[in-house]
Each structure stands twice: as structure tokens, then as C-alpha cells.
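The values are calculated or read from the model by the stated rules, or taken from the named source; none is laboratory data. Note that this is a predicted model, so its numbers are computed, not measured. Note: ideal-geometry Cβ built from the backbone for every residue, glycine included; neighbour counts use all protein chains shown.
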Amino acid sequence: MTDKEPHIPELADILDGAALQSLLENFYALSGVPVGILDLAGRVLVGVGWQDICTRFHRANPDSCRHCVESDTVLSAGVPAGEFRRYKCKNNMWDIATPIVVGGTHIGNVFMGQFFFEDEPLDYELFRAQARRYGFNEEKYIAALEAVPRFTKAFVDQGMAFFRDLAHMISRLSYNNIELARSLRERDALAQSLRESESRLNRAQEIAHLGSWELNLENNTLSWSDEVYRIFGLAPQQFESTYEAFLAAVHPDDRLAVDAAYSNSVRQGNDTYEIEHRVVRKSGEVRIVHEKCAHVRNQSGRIIRSIGMVHDITEQKKSEAALVRAKDEWERTFDSVPDMIAILDNQHKIVRLNKAMAQRIGLQPKECIGEPCYKFMHGTAAPLQSCPHPCTLHDGREHVTEVREEMLGADLLISTTPLYDNHGEMIGSVHVARDITERKQAEQRIVTLNNELKQNLWELEAANRELEAFSYSVSHDLRAPLRSIAGFSQVLVEDYKDVLDDEGQDALARIVKASSKMGQLIDDLLNLSRVSRSEMQHDTVNLSSIVGKIADRLAKGQPKRRVRFAISEGVGVQGDEHLLTVAFDNLLANAWKFTEKQDQPLIEFKAEQRNGETVFLVKDNGVGFDMTYVDKLFNPFQRLHREDEFTGTGIGLATVKRVIKRHGGRVWIEGAVGKGATVYFTLGQ
Amino acid sequence: MKDKVILLVEDNPDDVKLTQRALRKSNILNELVVARDGVEALDYLFGTGHYAERNTRQLPQVILLDLKMPRMDGLELLQRIRADEKTRLLPVVVLTTSTEDRDRVESYKLGANSYIRKPVDFQQFTEAVQQLGLYWLVLNQGPLTG
């Protein structure tokens, strides 16, 4: 509440109505003077000596009462303080009014009346008329009229002087009271404000862990704010407040320093003192505090007081330590990366670079910071065309490029990634250069090797083609003379039998047989080479069906032989049908051949599962072989039987092996003399 | 039947002799004309060069054609035979040592009527020739003379 003017209360608020009523009743008893104190609204606060004529007649009738109120308020308005006005009320009674003014404001009136002046004759006619107008009982009305007191002028004046002083006193007292009340309110408000202020300050100090203190050097009294106690781990207002007591709370190792610092600052006449030191709480906990104070001097310039603060910075110190640790870690990491890293600003200037980069360009970091990167990396006065940094600055995306930098003697893989500040503005990029010289060299080697490989492949293909042409012509050109040999030998045998003796005939027979054998050899060789040369087809091949057909053919070729075939049905594989047919031709021809001498020849074809793969087998119960020579069997031309025992070129199994190998499989053979042989193979599926 | 001529196009003299022998053994007594290579065969068929005097209206009943010959080989000759109106329909039996699939396929592509492999074994050779002769000279109805 702003008190520019005293708050003007209602009359009722400042008057002790009951006390005044009692006072004025006694006065009336003594003097017979009727008096009333009213507020400006016409409310009666004190009323003594009301005349019947007013109470029973004038105020009882609403019309006449209106006149009373009007008199009370209007007629009595505008009277200056300390004066009084005589007037006749509208009901023709005499009244005198003097105002009650508080703080310049008229808030009520003291009325003396109603009365008649002693020397004033009563105007009966007027009153009777009044009675008639308002319907009063004339007799009673007149009786009441005559009961109204009559005073001399001097008496009235005296009375008025009394009332005037009374009003004045009331006014003044009220005003003083109001003023006092206002001052008290102000004082209370200020006190409250001050308390709140102190409370806020305390709270602020608590939150900031910052306390205030004051040392009076003249009487060595030390006062601490609550927070200082808290910082020192003491209950507020707990200790004996002297400088020495303060020192006792300081960490023993720091005590001397603190004492010296403060004493020196006073002795040297400094304006301030500042120090960081440790404090040991009763609990043993150590806190780090920052102290600072200002010295206050007296008239003659001597320092008499110090006003200061204590700030508990233990947490800050911890944060700082953590920050420093983090910074160290970061720097160590930055410097331990083998790639060259530079942080560039928007003008290609180096903001920071790591150890790897500094070493590579052979300079100290200090010498590089603030300089453009291309100066050191490329030895140029402007960035390279291929530099990715401008691209990153332009579109805010990562850019990568490969560069051969002769100045550093290296192939580099350079990448730039945009760097943003807290507001999202691009402030530069992180420029990472990785030495990929070795990688590039390896790549080059690979390219070279690849080319060599291609070359070799081409030569191989050329060789293959030659081989093919060679095999082709071999099969033709060798056969023709062979046919001649066989043919004309036959001519001799047929036409010149009589002329030839046994030796001659025998010789011819051998010639024929030999040439036949040679023809067979040529066929087999041709087959073998074709197996290697031809392109592999990949189809679903029904092995059972192939075996069946070959079995039929063999049986038809030698109908006299009774050979039993046991063929597993439905054995299918992925492979080249032609090559597999060739393989089985050979396998079954062998089995057929070597069971020649068996009573109950049996040739089997099966597929089995062994160790998670499919193994195929062709088994016969023929003459078998000695396992000692098993290694020779797959070599071309290698035979274990003489020509007169069993015919054969020795190429069959070599051909089978090549077919199997081209299918990515393995082949092996097991047997025993007199117990037959089994050829096993897989097809690499 | 004696009018039916067999044209044998073969460069190997041994093979010629053996073929002649085989025919004889099979009692095929038709005239056997031998051309040593493709050029001679063309001379014969069209009455040029050595055969300028020949009546070219007379054409062979069947041509036995070897593939591997100097100057002009069997496939080229076959092409030429099939290219000319006069000789287009003549039955041609390729008789060759080659076991190459592509020779066989090519022969048929170019219009051969049959493809026989010459066996090394003389017995078999004789049988083959016999079968050939019987088929083409006796059983088969040719395009020209029936």
C-alpha cells in the first residue's frame, strides 16, 4: 500500500462511539445540551438529548424525516474546520454544526441541537401547520415543541466553542492515529519485506553454495551467513565467531597460507583479498572453497572491516578435473589415430591438426594453425581442383576423393565431413587423409596379375584349340593307313592262304590283330581327349537309364553270355550326359570283360549315402586285381593283365577318372584277386 | 542294273582298292568310277576337264564320298553337287573315317543322304560296303532312273 495521503477511513472507524456517547451523555446531564455526531451519509454515531419532537414526530414521518436528513447533510456541508454554522433545519428547529476534518477531508459533523433561542418566540402557527401537513397529533406535537430546550446566545456560543474544540480534538487525534497506524503498517511491511529479502538471499546463498561474512577487525568479531556455516559443516550460528575460530576450520595444510594471505592483504593495505583453500568438516569431508573479500577503511584510511564471501567450489573443481581428463583423452585419441586429421574452417585454414598429420608434413602444430591446408599438403597457393573441402562447404555433405600427392610421396584417400556449431551453422570440415599408397600398389599388382592371368588364359585357350585340331586330324590321318594295313592283310589271308605257310599265316593274323588294336587305341585316345576338351553340359541325367542301355548293348553284342545286372532304379544326378555315358561305357565294358570267366557273373550299379555325400558304385564279381597295384590303375595305358589274358588299351579308367574330375568328384577302386572289383565315385554335389 | 554307276570319290588308293575288293566280294558288279578328289568328281559329273567327252546325261546311281581330300574336300564337293540343278538330287553317301559329330551334322546340313563310318576292321568294312551297295543300288529307288 503506497501511502501518499493518509487513508481516510469512515467516521465510524475512528470514533470510539460508545465512549463518546457516555461522555456526551454525562455532558448532557450536566448541561442539558443535546448533541449528535453524524457522518456525511447521515448515519448517527453518537446521539444524546434527542428531543421528542424529532424522534417521535419529525423522524417518524418519512416526509419530514427527509428534511431531517437533508439538514443533517446538505445544510451542514461546507463549514470550514474550526468554525461552526448556525442554521434552522427544514422542520424549523435550530441546529448548529461544526465539521470533523481529518487530513483535510471532511468526514463527519458534530451537531448541537435541536434548541430554540431564549429570546426567540415560538411560531406556533408554523408548527401547527407543520403538524397538520404531516398529520401529527397537534396537541402532542405542541407539547413536544414546548419541551424543546431554550438557550441564551451566550450559552449556545459557549456550547459551540466546547463542541468545536471537541471536534477539533477528535479530528487531530484521529489523524494522528491514522498516521500512526499507517506508519506501523509501513514498518510491518518493511519488516516483512526485509525478512523475505533475507530469506531469498539465504536461499540464494544456499543454492549457490556461497556464503557471506563480515570481520570486524576492531573487536575481532566475525559474523557468518547461514550458508557459511553450512559450507564449513557447522550448524548455523554454532561457533564462536572470531578470526581464530575461522582458521581452525580451515584445512591444516592450508591454514598458514590462508592466514598469511589475509594478514598480508590487511597489512599491505590492499583493497581486496582472495584465495582458494580447503576446509575440513567435522565429518572429515574435505571441501574446496574460494574466498574473496573487500576491506573497508575508516576516516583515517585504516582497514577496520572486511566484508567477503566464501564459495564452495568443490563440485566445480570436480567438473573441471573431469573436463580436463576428457580433454586429455580426446587429445590422446586424436593424436593416436594414424590417419592425418585436420579441422579446417570455411577458408581452408587449419584450426587443429593431429600428431599424425603434423609429423607427416614435418612441422609443429603451432606452425600450421591459421595457415591454409593446401600450403602444407600440396605446396600450392590455392586448393586443388579435386579437393573435397569446398564441396562439403557447398552442400554440407561428406565428400571423398583419391589424390596422388607427390610432395608427400603418397596416394591419399581424402574425406571431408561438415562440422557444425551449436546453432547449426557450418563452421568448417573435418579433413581426414588416409595413406593408401600400399593399397594402391597392391591394387596395381592385382591388375598386373590379372592381365598376366588373362594372357595365360588366352594362351591356354589357344593351346587347347591347337590340341583339338591335333586330335581331330590324328583320328583321321592315323586311321587311314591302319585300314590299309588291316585290309590288305586280310586280302592276303583270304586270297593267298594256299601260298602261305603256317608261319606266314600266323604273322598275318598278328598283323591284323595289331592293327585292330591300334584302331581301338586311337578311338580310346580320341575319346579321352574329347572328354577333356568338350564343354560340360549341366542337365539332369538318369544314371540308371544309362547303365541299363549300356547293359542291353553289351548283352546284345554277345548274346551267348549270361550276365546278371543289378541296377538301382531312379538314380539321377546333375551333369553332362555324354561324358557320363562315356564313363559308364568304360566301367561296364571293364566289368563285362573281367567277368568273362565267371560262372555267375554279376554286375551291380548302386548309389549310397556315406558321410553326408552320395557315392556311386559299379561292382563286378570278376577276376579282380591285386590292391598292391591300385595306384597304377588310373594311369593311361597302365594295365594289370597281359593282352592274352584280357584285351584292353589301358585307357578306360583314365577316361573315367577324367570325366569324374570334370564333374568335381572323386573316384577310387577296391578289389581283391579273384573277388572282383568295385569302382566308387562321387560327383561333387 | 549294270547301267547303274557308282561314283567313288576317294583320294586314298588303298581305300579305293579295298572298296573295289569289297564290292567284288559282295557281288556288286556295277561300274565303279573313281575320282581322286572333288575336282575330278566335278569334271566327271559335268563333263569337264578329263571327262570332257562324257555324256553328262548319264549320272551315277550313288556317290560314295570321302570327306578328307586335297584340293577340294568332300563337304565342298557336296555343296557344289547340291547347288547344281542337274546333280542336286543325286544320292550321296558320306563314307569317312571321321567320328567327329560336327562332320556328320555338317554333312547332313549340306544335303548328304547318308553317313557311314569306315571301320578299320576289313571284315566289317566289307560288310558295310555290301550293305551300302545292296541298299542304294538295288533297294533304293533313285531320283533319276528309279
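A few notes on this one:
- Of all residues in the stretch B:11-20, those satisfying the criterion of being touching a residue at least 60 places away in the same chain (Cβ under 8 Å) and either touching a Pro at 6+ places or on another chain (Cβ under 6 Å) or facing chain A (nearest Cβ under 8 Å) (or both) are B:Asp15, B:Leu18.
- Of all residues in the stretch A:573-627, exactly one satisfies the criterion of being within 60 Å of the chain's Cα centre (by Cα), of a type in the set (Gly, Ala, Ser) and modelled with pLDDT of 90 or more, namely A:Gly575.
- Checking each residue in the stretch A:150-184 for being touching a Pro at 6+ places or on another chain (Cβ under 7 Å) and either among the charged types (D, E, K, R) or modelled with pLDDT of 85 or more (or both) picks out A:Glu179, A:Arg182.
- Identity of the residue in the stretch B:1-10, surrounded by fewer than 20 Cβ atoms within 10 Å (Cβ to Cβ) and out of contact with any Pro (no Cβ under 9 Å at 6 or more places or on another chain), that ends up farthest from the other protein chains (Cβ to nearest Cβ): B:Asp3
- Odd one out for A:His476, checked against (1) out of contact with any helix residue (DSSP H, G or I) (no Cβ under 8 Å at 6 or more places or on another chain); (2) at pLDDT 85 or above; (3) within 14 Å of another protein chain (Cβ to nearest Cβ): (2)
- Number of the exception - A:Val491 against (1) crowded, with 18+ Cβ neighbours inside 10 Å; (2) out of contact with any Leu (no Cβ under 7 Å at 6 or more places or on another chain); (3) within 8 Å of chain B (Cβ to nearest Cβ): (1)
- Just so you know, in the stretch A:519-560 the residues that are β-branched (Val, Ile, Thr) and buried (at least 20 other Cβ atoms within 10 Å of the Cβ) include one that is nearest to the other protein chains (Cβ to nearest Cβ), and it is A:Ile522.
- Looking only at residues in the stretch B:107-140 that are within 14 Å of another protein chain (Cβ to nearest Cβ) and assigned to a loop (DSSP other than H, G, I, E, B), the one that is nearest to the chain's Cα centre (by Cα) is B:Lys118.
- Within the stretch B:80-106, considering residues that are farther than 21 Å from B:Ile6 by Cβ and modelled with pLDDT of 90 or more, the one farthest from the other protein chains (Cβ to nearest Cβ): B:Glu85
Listed here are the residues, each with its yes/no results for (1) outside any helix (DSSP H, G or I); (2) farther than 25 Å from A:Ala147 by Cβ; (3) in contact with a strand residue (DSSP E or B) (Cβ under 8 Å, 6 or more places away or on another chain).
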| residue | (1), (2), (3) |
| --- | --- |
| A:Ser22 | no, no, no |
| A:Tyr28 | no, no, yes |
| A:Val33 | yes, no, yes |
| A:Arg56 | no, no, no |
| A:Arg66 | no, no, no |
| A:Glu70 | no, no, no |
| A:Asn91 | yes, no, no |
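Each row is one residue, and each column tells you yes or no for (1) in a helix (DSSP H, G or I); (2) more than 14 Å from chain A (Cβ to nearest Cβ).
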position: B:Leu23; (1), (2): yes, no
position: B:Glu53; (1), (2): no, yes
position: B:Met69; (1), (2): no, no
position: B:Leu78; (1), (2): yes, yes
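- In the stretch A:578-600, the residue that is nearest to A:Val541 (Cα to Cα) out of those that are surrounded by 17 or more Cβ atoms within 10 Å (Cβ to Cβ) and among the charged types (D, E, K, R) is A:Asp585.
- Among (1) at pLDDT below 90; (2) basic (Lys, Arg); (3) within 27 Å of A:Lys549 (Cα to Cα) - the single one A:Arg642 does not satisfy: (3)
- Any hit, the stretch A:307-329, residues being under 21 Å from A:Glu218 (Cα atoms) and either surrounded by fewer than 16 Cβ atoms within 10 Å (Cβ to Cβ) or at pLDDT below 90 (or both): yes
- Near pairs, Cβ below 9 angstrom, 6+ apart or cross-chain, from the stretch A:193-210 (under 19 Å from A:Tyr229 (Cα atoms)) to any residue that is among the basic types (Lys, Arg) and in a helix (DSSP H, G or I): A:Gln205/A:Arg230; A:Glu206/A:Arg230; A:His209/A:Arg230
- Residue match in the stretch A:93-101 (condition: of a type in the set (D, E, K, R), assigned to a helix (DSSP H, G or I) and closer than 26 Å to A:Ala131 by Cβ): no
- Flag if A:Ala509 is within 14 Å of chain B (Cβ to nearest Cβ) and surrounded by fewer than 14 Cβ atoms within 10 Å (Cβ to Cβ): yes
- Scanning the stretch B:25-39 for residues that are out of contact with any Lys or Arg (no Cβ under 8 Å at 6 or more places or on another chain) and touching a residue at least 24 places away in the same chain (Cβ under 8 Å), we see that the one that is farthest from the other protein chains (Cβ to nearest Cβ) is B:Val33.
- Residue within the stretch A:324-335 that is assigned to a strand (DSSP E or B) and under 19 Å from A:Val432 (Cβ atoms) present: no
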